[in-house]
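Report on one structure; see the data block that follows.
The values are calculated or read from the model by the stated rules, or taken from the named source; none is laboratory data. The shown structure was predicted, so the numbers you read here are calculated from the model rather than taken from an experiment. Glycine also receives a Cβ, built like all others from the backbone with ideal geometry; neighbour counts cover every protein chain displayed. In case anyone asks, the SASA skips ligands and DNA or RNA and just uses the protein heavy atoms, side chains included. Shrake-Rupley method; radii C 1.70, N 1.55, O 1.52, S 1.80 Å.
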Amino acid sequence: MVDLAKLKGKGAPPPAEAVPDVIQSDQREEPVQMVAIQFRVPPSVFAEFSEAAGREFGFTKGAKSNLFLKMWDEYKKTR
């Protein structure tokens, strides 16, 4: 945070604070391009799946996708 007391008076501005280079130290994996999958189910199945996804992964964006991917991984383990 900038110390505003340093700004009072005449003269040069205070020196900039040293900040680490967060871009270079980013350790995240490269984003994977996603592909849409679309199929139709009865409204009752959609509501149940949405509820299960929300309980498992939180009621946030991507919960249904995460639940589908988890189900797919379990399916592959059983084959």
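Summary table below
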| read-out | value |
| --- | --- |
| 0 to 90° range, to nearest 10: angle between helix 63-78 axis and the chain longest Cα axis | 50 |
| Carbon and sulfur %, accessible surface of the chain computed with the full protein complex present, 1.4 Å | 59 |
| Within a Gaussian network of the chain (alpha carbon springs, distance under 10 Å), most fluctuating of 53, 12, 63 | 12 |
| Accessible surface ranking that places the most exposed of 67, 4 first, with a 1.4 angstrom probe | 4, 67 |
| Candidate aspartates and glutamates for bridging to residue 61, where Cα separation is under 14 Å - those fewer than 8 sequence places away on the same chain excluded | 51 |
| Gain upon complete extension [residue 12, residue 40; 0.36 nm per residue less C-alpha separation] | 3.5 nm |
| Average accessible surface area per residue within segment 1-60, 1.4 Å rolling probe, Å² | 106 |
| Correct choice for P(r) over Cα pairs in 10 Å bins from 0, in percent that was computed from the model, options [x] 20, 57, 23, 1; [y] 17, 46, 30, 7, 0; [z] 12, 25, 19, 12, 13, 12, 6, 0 | [z] |
| Using alpha-carbon coordinates, inclination of helix 43-57 to the longest axis of the chain, degrees | 40 |
| Solvent-accessible surface (1.4 angstrom probe) belonging to residue 44, in square angstrom, nearest 10 | 70 |
| Solvent exposure ordering (accessible area, 1.4 Å, most first) of 60, 78 | 78, 60 |
| Sparse-neighbourhood loop sites, chymotrypsin sites (Phe, Trp or Tyr not before Pro) in segment 1-74 - DSSP loop, at most 11 other Cβ within 10 angstrom | 39, 59 |
